[in-house]
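Right, one structure below, let's go through it.
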Amino acid sequence: METNLAPFIRDTPEGREADSILRACVHCGFCLATCPTYQLLGDELDGPRGRIYLMKQVLEGAVPTATTQLHLDRCLTCRACETTCPSGVQYGRLVDIGRKIVDERVGRKPVDAARRYSLRKSLLSKSVFGTALAVGRFAKGLLPREVGDWIPAEQPAGAWPSPRHTPKMLIARGCVQPVLAPNIDAAMARVLDRIGISAVQIEAGGCCGALPYHLSEHDYARAIVRRNIDAWWPHVERGAEAIIVTASGCGVMVKDYGHVMAQDAAYAEKAAKIGALARDPSEIVGAAWDQLAAKIARTHATTKLAFHSPCTLQHGMKIRGQVEPVLEALGFNLTPVADAHLCCGSAGTYSVLQPELANALKANKLRALEAGGPAQIATANIGCLTHLASGTRTPVRHWIEILDERLALNA
Ligand code: SF4
Ligand code: SF4
């Protein structure tokens, strides 16, 4: 489509990027069919094409309103529209640019600003989040059911193997996952140990930066990215072969560090290298599958399992069809899941900031996941895991924990 960006943005890096994304869109509307919010709300402005149009208007100089902001806020940044788009429109990058400008121009009501601030503060601080979780677990029986359902039981991490192998890979620590589900990273470390790789756990670092970045706090997010690069870089220089991110919501961000830091002369090169080293567990397991397959305990009992592929895995990282064959090889009978491309409604802070839409998407997703009567649900992202687990009694786990457990049977 033709564009004529306003002088305030035209000659900036964001303006140039937004311009080339907008020009790629041919307004065909193919993306509407796979947009979860368009499906729920039926409003063109709550679909990708409408949002692109709104952002184009703002970038061309129109004054955004609270209504513009609302339609952008309702977007999950699930990027299902990118998967469907025949023109390769990078909607996710455009909405990051558009949202920031709209937020700066429109501002936030005090109550909304306070909610976003407290979300960022509590989720990014392990001590604050850990304390809140401990209090929540203690008082779970006294809490309203809809709050208590969000609080998972305490989970032991299990053993972290000693660093006995020469090949090393880093496991990036996230912000909420080590507190909520410490077994996920430990399970990844045990799987690595079985293929002759030692996992290095970096206590420094924490949030990958995705949470503030998608709340339009780009400078704050970049400060976090610099801190992570400083913490990880010495290990990269010592030959770490990869940086594994077990939460796909964080993995997609770390893989994008090169783009996020492209304008930072001091960090751009290191950020690009870190991004190139980032790996999802499915990439590591896929590359070592022959080695791992030989260690899997044979079982004749088939259990039904449903796999939920997070948007950040299938649409963000474009990793599709990698986990399912692993689970089948472990002896699970994978049940069919309708509309597997649709978001579960977790989407970072979305489930807190847009609870009605998030709950509707969760109900739809659980209906699809449980249609085949699975004994458990597997996924690849802590956000999806806790969001889905809050709405079902079916156990929801990270698939790497299931692989680790099955490998342990044969140890
Ligand atoms: S499918 Fe792609 S090109 Fe078509 S309207 Fe959507 S974003 Fe634009
Ligand atoms: S990112 Fe997801 S919610 Fe947002 S417009 Fe695209 S498909 Fe719709």
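Looking at Val26, Val102, Val111, Val95 in this structure, which one is out of contact with any Phe, Trp or Tyr (no Cβ under 9 Å at 6 or more places or on another chain) and near ligand 2 (Cβ under 9 Å from one of its atoms)?
Values: Val26 fails: near ligand 2 (Cβ under 9 Å from one of its atoms); Val102 fails: near ligand 2 (Cβ under 9 Å from one of its atoms); Val111 fails: near ligand 2 (Cβ under 9 Å from one of its atoms).
Exactly one residue qualifies, and that residue is Val95.
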Only one of (1) over 29 Å from Ser351 (Cβ atoms); (2) open to solvent by 30 Å² or more (accessible area, probe 1.4 Å); (3) part of a helix (DSSP H, G or I); (4) in contact (Cβ under 8 Å) with a residue 12 or more places away in the chain does not apply to Met1, and that is (3)
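Among the residues of the range 20-31, write down those that are in a helix (DSSP H, G or I) and touching a residue at least 24 places away in the same chain (Cβ under 8 Å). Full working, then the answer.
At the first step, the residues of the range 20-31 found to be in a helix (DSSP H, G or I) are 20-24, 30-31.
Those that are in a helix (DSSP H, G or I) and touching a residue at least 24 places away in the same chain (Cβ under 8 Å): Ile21, Leu22, Ala24, Phe30, Cys31.
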Over the range 237-263, the set of residues in contact (Cβ under 8 Å) with a residue 60 or more places away in the chain and more than 15 Å from the chain's Cα centre (by Cα) is Arg238, Gly239, Ala240, Glu241, Ala242, Ile243, His259, Ala262, Gln263
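Scan Tyr38, Tyr53 and give me the residue that is of a type in the set (Ser, Thr, Tyr) and under 19 Å from Glu356 (Cβ atoms).
Details: Tyr53 fails: under 19 Å from Glu356 (Cβ atoms).
Selected residue: Tyr38, the only one of Tyr38, Tyr53 that is of a type in the set (Ser, Thr, Tyr) and under 19 Å from Glu356 (Cβ atoms).
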The range 36-89: helices (runs of 4 or more DSSP H) wholly inside it with 1 or more residues that are more than 9 Å from ligand 2 (Cβ to nearest atom), under 26 Å from the mean Cα position of the chain (by Cα) and surrounded by 16 or more Cβ atoms within 10 Å (Cβ to Cβ) are 36-41, 48-59, 66-73
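How many residues does the range 4-21 contain that are surrounded by fewer than 21 Cβ atoms within 10 Å (Cβ to Cβ) and touching a helix residue (DSSP H, G or I) at 6+ places or on another chain (Cβ under 7 Å)?
Filtering the range 4-21 for residues surrounded by fewer than 21 Cβ atoms within 10 Å (Cβ to Cβ) gives 4-17, 19-20.
Restricting the remaining residues to those that are touching a helix residue (DSSP H, G or I) at 6+ places or on another chain (Cβ under 7 Å) gives 5-6, 9, 14-15, 17.
Matching residues across the range 4-21 total 6.
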Listed by first then second residue, the pairs whose first member lies in the range 79-103 and is within 9 Å of ligand 1 (Cβ to nearest atom), whose partner is open to solvent by 30 Å² or more (accessible area, probe 1.4 Å) and among the basic types (Lys, Arg), with beta carbons under 9 Å and at least 6 positions apart or on separate chains, are Cys81/Arg49; Glu82/Lys318; Tyr91/Arg79
Filtering the range 382-411 down to residues that are of a type outside the set (A, V, I, L, M, F, W, C), open to solvent by 20 Å² or more (accessible area, probe 1.4 Å) and under 23 Å from Ala329 (Cα atoms) yields Thr394, Pro395, Arg397, Glu405, Arg406, Asn410
(message) Suppose the filter is hydroxyl-bearing (Ser, Thr, Tyr), open to solvent by less than 40 Å² (accessible area, probe 1.4 Å) and closer than 23 Å to Gly286 by Cβ; does Thr379 pass it?
(response) yes
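Just name the residue that is nearest to Trp399 (Cα to Cα) out of those in the range 263-288 that are open to solvent by 60 Å² or more (accessible area, probe 1.4 Å) and assigned to a helix (DSSP H, G or I).
From the range 263-288, those open to solvent by 60 Å² or more (accessible area, probe 1.4 Å) are 263, 265-266, 269-270, 273, 276, 279, 283, 287; that's our starting set.
Still in the list and also assigned to a helix (DSSP H, G or I): 269-270, 273, 276, 283, 287.
Details: Glu269: 33, Lys270: 31, Lys273: 27, Ala276: 24, Glu283: 13, Ala287: 16 Å.
Among those that are open to solvent by 60 Å² or more (accessible area, probe 1.4 Å) and assigned to a helix (DSSP H, G or I), it is Glu283.
The values are calculated or read from the model by the stated rules, or taken from the named source; none is laboratory data. In this text, all values refer to a predicted model and were calculated from it rather than measured experimentally. Reconstructed Cβ throughout: ideal geometry from the backbone, glycine too, with neighbour counts over all protein chains shown. Accessible surface areas use protein heavy atoms only, side chains included; no ligands, DNA or RNA. Shrake-Rupley method; radii C 1.70, N 1.55, O 1.52, S 1.80 Å.
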